[in-house]
Amino acid sequence: MTRDAIKDLILEIIEDIDEDADFDTLQADKPLRDQLDLDSMDFLDIVMELRKRHKLQIPEEDYPELATLDSCVNYLEPLLADA
Amino acid sequence: MPVSFSQAADKYDVIVIGSGLGGLTSANRLVYCGYSVLLLEYHSQLGGLATWFKRKGHIFDVSLHGFPYGMVKTCKKYWNKEIMNSIVQLKDIIFDNPQFHLKTTFDRVDFTDKLNKQFKISQSTIDAFFTRVAGMNFYDDQSMTTRELFEDFFPGRSDVHRLLMEPISYANGSTLDDPAITYGIVFSNFMNKGVFTFEGGTDKLIGMMTTELENNGVTICTNAKVDRIVVDKGVVRGIECQGRMIEAGAVVSNSGITNTIHNLTDQDAFSSEFMEKSNKIRVNNSSCQVYMGVKKEDKIDDIGDLLFTSTTPEFDSTELRDFKTGSKTFSVYYPKTRPGHDRYTIVASMNSNYSDWDNFTEEEYKKEKEALIQRTLVDLNRYFPNAQERMDWIEAATPRTFNRYTLHTRGTSFGTKFEGLDISRSIFKEVNGLFHVGSVGIIMSGWLGAINYGVIVSNDVDAYMRSRD
């Protein structure tokens, strides 16, 4: 999966969680939590969705890697290389 | 409609024991993840403590009272929009005690205003307090108690401590001596954006959840008391119920954590270290309630939705649980609670110790229940005069009642103290495939806590199930 495809995947999952999420002003290097009003339950949803769609097992200690859009892509790129 | 246990198949991917809000939510999440799910409930009605009962034309809600705004998002994400759309705000929350009287919408703006104008606390202290509690996480240091936290910000102000603590004590049984983080997490959720309720009542909510589960393919059986969780060589194999074994890859127990360990699972399944840790779990206190239904021709004028009342001079966590406590909440249900239903009911709730009620003979028990009703009516008369003669149904519940319907250890109505959370979350590492969901650790308590914890545990279950593939 390309970096852009991973980015789209994350945004698509977030949109499922919150259809009102506004991506227009989203800064990829800033925490998603602050910009989109996401809470810890929303991040858990992202983890579950990634497992469901791509059989990815993300251990709890790696959750901080999902903080920004950029860090998500960096973390997921090697894991989704064959996807 | 739930089916009889005889109709259950011999094997499921996941079995959920117990249908409290945590169990119901786990079942719904796991069926969403693609597993076949069997939900077993010992009682004839689903919902656990999220329950109701009917008497003489009245419907009494046991634990509806009011929940935080977070329920809106949680119901939308983990249940459906129809359920979310039935959530409405309760706007008149009353405090009445010897230290202060006030009416609040129970949100940050109004609390800030009251603390500033009525209690004369500086804006900067209030802001600093809200910021401090909002930044608390469950994995933070837990050595500070709530009492110390209050003394830090509002030294010697027992009136402010009362305002901040009383509602939380009723919501989850916590005291001033519990870890400050448990207070901070719950307070930030609760006393921030107002108090909400479910229009249509508990019966409607549980009915809608049941329909959703059935539409999603969960097999639900009531009157099905699980006798044993079957463990073999450190791995869960299924459950035994009514002399039948049903196989499963994972079992989620929504029975109390102490029941799960001591009553449902073979003690040999656990290591001595784990047993030693789990023996230290303290269960929270239980409750007493008095349910009162107003005569058909009478009504309740607007006296508020939720009343935190006390005749005790100062807030005291021990007094709150005292057998003859002068502190109680009144949840007032107007016809707006159930559109189309025109009756008025009041549910009085008190925190209570199981040990105070455990040893009575049947005769003493009956007498003490009547005395509890009389004490409650005296207090209620301040807000609803001549209460007794205006009711056509009055009934009391005690810690023994809670124990009978939920089977919870010592009738706990708020799960366990903080240490229960770690045991609950790590039990599947001790016995592969055995999970627990339910009120634990104070923070995973109440309707919102129970539902969210159901989601958290489902994530663990899903990870476990997929790791076996």
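For the stretch A:50-66, how many residues are under 17 Å from A:R3 (Cβ atoms) and surrounded by fewer than 17 Cβ atoms within 10 Å (Cβ to Cβ)?
The qualifying residues number 3.
Just to check your reading of the model, which residue among B:E82, B:E151 is closer than 30 Å to B:D422 by Cβ, more than 14 Å from chain A (Cβ to nearest Cβ) and of a type in the set (D, E)?
B:E151
Quick check: is even one residue across the stretch B:91-105 more than 14 Å from chain A (Cβ to nearest Cβ), assigned to a loop (DSSP other than H, G, I, E, B), of a type in the set (K, R) and surrounded by fewer than 21 Cβ atoms within 10 Å (Cβ to Cβ)?
yes
Looking at (1) among the hydrophobic types (A, V, I, L, M, F, W, C); (2) at pLDDT below 95; (3) assigned to a helix (DSSP H, G or I), which is the only condition B:A450 fails?
(2)
For the stretch A:22-29, state whether one or more residues are among the hydrophobic types (A, V, I, L, M, F, W, C), under 12 Å from the mean Cα position of the chain (by Cα) and within 28 Å of B:M444 (Cβ to Cβ).
Looking for residues that are among the hydrophobic types (A, V, I, L, M, F, W, C), under 12 Å from the mean Cα position of the chain (by Cα) and within 28 Å of B:M444 (Cβ to Cβ), one finds none in the stretch A:22-29, hence no.
Let me spell it out: the conditions are (1) assigned to a helix (DSSP H, G or I); (2) out of contact with any Phe, Trp or Tyr (no Cβ under 7 Å at 6 or more places or on another chain), and B:L149 meets all of them except one. Which number is the exception?
(2)
Step by step: first the residues of the stretch B:315-334, then only those that are modelled with pLDDT of 95 or more and closer than 12 Å to B:P98 by Cβ, then the one that is surrounded by the most Cβ atoms within 10 Å (Cβ to Cβ). Which residue is that?
B:S327
Looking at B:K204, is it at pLDDT below 95 and among the charged types (D, E, K, R)?
Here the answer is no, as B:K204 does not meet what is asked.
Those residues that are away from chain A (no Cβ under 11 Å) and either of a type outside the set (G, A, S) or free of Cβ contacts under 8 Å to residues at least 24 places away in the same chain (or both), I need them from the stretch B:411-425; list them, please.
Matches in the stretch B:411-425: B:T412, B:F414, B:T416, B:K417, B:F418, B:E419, B:L421, B:D422, B:I423.
Does any residue of the stretch B:422-433 turn out to be of a type in the set (A, V, I, L, M, F, W, C), under 15 Å from the mean Cα position of the chain (by Cα) and assigned to a loop (DSSP other than H, G, I, E, B)?
no
Is it true that B:T202 is over 22 Å from B:H436 (Cβ atoms) and part of a helix (DSSP H, G or I)?
Here the answer is yes, as B:T202 does meet what is asked.
Which residue is farthest from the chain's Cα centre (by Cα), if the candidates are limited to the stretch A:30-70 and must be more than 30 Å from B:R468 (Cα to Cα) and within 12 Å of chain B (Cβ to nearest Cβ)?
A:D37
Residues that are modelled with pLDDT under 90, of a type in the set (D, E) and more than 22 Å from B:A463 (Cα to Cα): does the stretch A:28-38 have at least one?
Taking every residue of the stretch A:28-38 in turn, at least one turns out to be modelled with pLDDT under 90, of a type in the set (D, E) and more than 22 Å from B:A463 (Cα to Cα).
Restricting attention to the stretch B:69-84, and to residues there that are closer than 18 Å to B:G207 by Cβ and of a type in the set (F, W, Y), which single residue is surrounded by the most Cβ atoms within 10 Å (Cβ to Cβ)?
Per the stated criteria, the residue is B:Y78.
Of the residues that sit in the stretch B:430-469 and are among the acidic types (D, E) and either surrounded by 24 or more Cβ atoms within 10 Å (Cβ to Cβ) or within 14 Å of another protein chain (Cβ to nearest Cβ) (or both), which one is nearest to B:I185 (Cα to Cα)?
It comes out as B:D460.
Give the residues of the stretch B:313-337 that are more than 18 Å from the chain's Cα centre (by Cα), of a type in the set (D, E, K, R) and under 17 Å from B:V347 (Cβ atoms), sorted by residue number.
Passing the criteria: only B:K336.
Tell me which residues, restricted to the stretch B:14-43, are farther than 12 Å from B:A248 by Cβ, away from every other protein chain (no Cβ under 14 Å) and not in a helix (DSSP H, G or I).
B:G18, B:S19, B:G20, B:E41, B:Y42, B:H43
The values are calculated or read from the model by the stated rules, or taken from the named source; none is laboratory data. Computed from a predicted structure; not experimentally measured. Cβ sites come from the backbone with ideal geometry, for glycine too, and all protein chains shown count toward neighbours.
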